[in-house]
Amino acid sequence: MTSLPDPDYQAEFYALTAPKRLVAWVVDSILIIVLSLVIVLLTAFVGLLIWPLLYLVIGFIYRTVTLTNSSATLGMRFAGIELRDLSGRRLNAQQAMLHTLGFTFSVAVPVLQVISIIMMLTTSRGQGLSDALLGTVMLNRRA
């Protein structure tokens, strides 16, 4: 039992969330690259020596902070979607960190990412793998 909108009777809350997630991911990836490049410049290019780690850390912090502050990354806000827990509430810091950890792990293991994408496209609430495990759902933001 949840406080979330019913996907059968209130489908508009879940409409097109999977493609919107892709848009959000592209926007967020560009922002993380820009932030990482700024760090590289501030470190007089020493950051290039640890680029993968730098990108991973910046991305983790970016996602956790933005999800904690508004339950949506800047890319999600641009796409008009946000994450909610099963009670319909915004994510707290612990949920945001766990969701980011799940996202990061699934991106690192391609088969998990494929499973997550299939789940987003086939489940009634469009939940990915980390959403299903954590009890979160992506909803269209209210106007």
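Since every read-out is calculated from the coordinates, none of them should be taken as a lab result. Keep in mind that this is a model prediction, so the values were computed, not measured. Quick reminder, even Gly has a Cβ in these numbers, built from the backbone with ideal geometry, and neighbours come from all protein chains shown.
The share of Cα pairs per 5 Å bin across the stretch 40-106, counted from zero up to the longest distance, runs 4, 17, 22, 21, 13, 11, 7, 3, 1, 0 percent.
When chymotrypsin sites (Phe, Trp or Tyr not before Pro) are flagged only if DSSP places them in a loop and at most 16 other Cβ atoms lie within 10 Å, the longest unflagged stretch of the chain comes out as 46-143. Dividing the C-alpha radius of gyration of the chain by 2.2 N^0.38 Å, with N its residue count, gives 1.08. As a proxy for reagent exposure, V137, V40 were ordered by neighbouring Cβ count within 10 angstrom, fewest first; the result is V40, V137.
Between helix 51-70 and the chain there is an angle of about 40 degrees, using the helix long axis and the longest principal axis of the Cα atoms.
Here V114 and I30 are evaluated by their C-beta separation; at R0 = 25 Å the FRET efficiency comes out at 0.60. Compared with the dominant Cα axis of the chain, that is its longest principal axis, helix 110-122 is turned about 30°. Considering only A18, A44, A132, the mean-square fluctuation computed in a Gaussian network model of the chain, springs between alpha carbons under 10 angstrom, is largest for A44. Calculated mean residue ellipticity at 222 nm for the chain: -20000 deg cm²/dmol, from DSSP H runs with n ≥ 4 weighted as -39500 (n - 2.57), summed, divided by the residue count and rounded to 500.
Kindly express, to the nearest 10 degrees and within the range 0 to 90, the angle between helix 17-42's C-alpha long axis and the longest C-alpha principal axis of the chain. Relative to the chain, helix 17-42 is tipped by roughly 20 degrees.
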